[in-house]
Amino acid sequence: MATSPSALMPIFRSEAQARILAWLFLVPDREQPIATLEPVAGVAQPNTLREVNRLVEGGLLRERRAGNARLVSANTASPYFEPLVQILGRAYGPAVVVPRELSKVPGIELAFIIGSWARRYHGEPGPPPNDVDVIVVGAPQPRALRRANAQLEEQLGVPVQLTVITSQEWVGRTTTFIQTVQNNPYLTVIDKTGAAR
């Protein structure tokens, strides 16, 4: 079965290729057996293997053997690593996945990605984040929020911390925590008020 070009980011050869790269590049210390990448790639195992082989041959992924398993990880020494992290982060990272999942949760007025992920998104240098922190403003339905949180962690492959505050707390800057969040880089991913930056 042929894999089609990525609709979200057509510079990649296929959607499967882009998903594999995003999974490994956005968490560069992740090393994974090729056999377990099929759900990530979203294609059958033979196609996943072909995509991984191309990426290894192209120098974007590293591989090593552990017994019978072939383990792959991002080649952080590649001259394309940093630019691809930026592209993949914007096309497949939390900025895309978080709003898609949280938009399914009733009662959310605003949502912001904060912390190290937001700082990297806005260009601040530093190590790749190993988690995602999200502020949710409103009165979300708890069960739907828990379900969304589980989906986010499964899709991103890192812990996702959701902090819920009321709209009055956000607007009133009632705590030192909220003041700190508002005075640092953050990324608005849901805005049903039209008032967020």
Review point. Non-local amide H neighbours of ARG70 (under 5 Å, H modeled in plane, Pro and chain starts lacking H): which ones?
Key: ILE34, ALA35
Review point. So in the chain, what percent of DSSP beta bridges are antiparallel if you round to the nearest 5?
Key: 75
Study note, to complete from the structure: All alpha-carbon distances of the stretch 15-82, grouped into 10 Å bins from 0, give the whole-percent distribution 23, 60, 17, 0
Point to revise | Cβ-based net charge around LYS192, under 14 Å, with every Lys or Arg adding one and every Asp or Glu removing one | key: -1
Practice item. Relative to the longest principal axis of the C-alpha atoms of the chain, give the angle of the C-alpha long axis of helix 15-25, reported between 0 and 90° and rounded to the nearest 10°. Key: 70
Practice item. Could you go through the stretch 136-144 in sequence order and give the Karplus-derived ³J(HN,Hα) for each residue, using 6.51 cos²θ - 1.76 cosθ + 1.60 with θ = phi - 60°, rounded to whole Hz, and x for Gly and Pro? Key: 10, 10, x, 10, x, 5, x, 5, 5
Review point. Percent relative contact order of the chain, based on C-alpha pairs within less than 8 angstrom and at least six residues apart?
Key: 18
Study note, to complete from the structure: Applying the gyration tensor rule to the Cα atoms of the stretch 93-191 (axes a ≥ b ≥ c; rounded if a/c under 1.5, else prolate if a/b exceeds b/c, else oblate), the class is oblate
Practice item. Let me have the 222 nm mean residue ellipticity of the chain computed from DSSP H runs of 4+ only, each contributing -39500 (n - 2.57), with the sum over all residues rounded to the nearest 500. Key: -12000 deg cm²/dmol
Practice item. Of the options PRO129, PRO140, GLN161, report the single residue whose Cα projects farthest towards the positive end of the charge dipole of the stretch 115-197 (beta-carbon charges: Lys, Arg +1; Asp, Glu -1). Key: PRO140
Review point. Rounded to two decimals, what is Rg over Rh for the chain when you use alpha-carbon atoms and the Kirkwood radius?
Key: 1.02
Point to revise | Relative contact order of the stretch 93-191, defined on C-alpha pairs under 8 angstrom at six or more residues apart (%) | key: 40
**Study point:** Long-range HN-HN contacts of VAL189 with modeled amide H, under 5 Å
**Key:** ALA111, PHE112, ILE113
Exercise for review: Taking the chain as the reference, fit the longest principal axis to its C-alpha atoms, fit the long axis of helix 81-92 to the helix C-alpha atoms, and give the angle between the two in degrees, 0 to 90, nearest 10.
Suggested key: 60
Point to revise | In sequence order, calculated HN-Hα J values of the stretch 108-121 (Karplus, 6.51, -1.76, 1.60; Hz; x Gly/Pro) | key: 8, 9, 9, 8, 10, 8, 10, x, 5, 5, 5, 5, 5, 4
Point to revise | Summed residue charge, Cβ within 12 Å of PRO94's Cβ, Lys/Arg positive, Asp/Glu negative | key: -1
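Read the figures in this text as sums done on the coordinates, not as results from a lab. The shown structure was predicted, so the numbers you read here are calculated from the model rather than taken from an experiment. Heads up, the Cβs are rebuilt from the backbone with ideal geometry, glycines too, and the neighbour counts pull from every protein chain shown.
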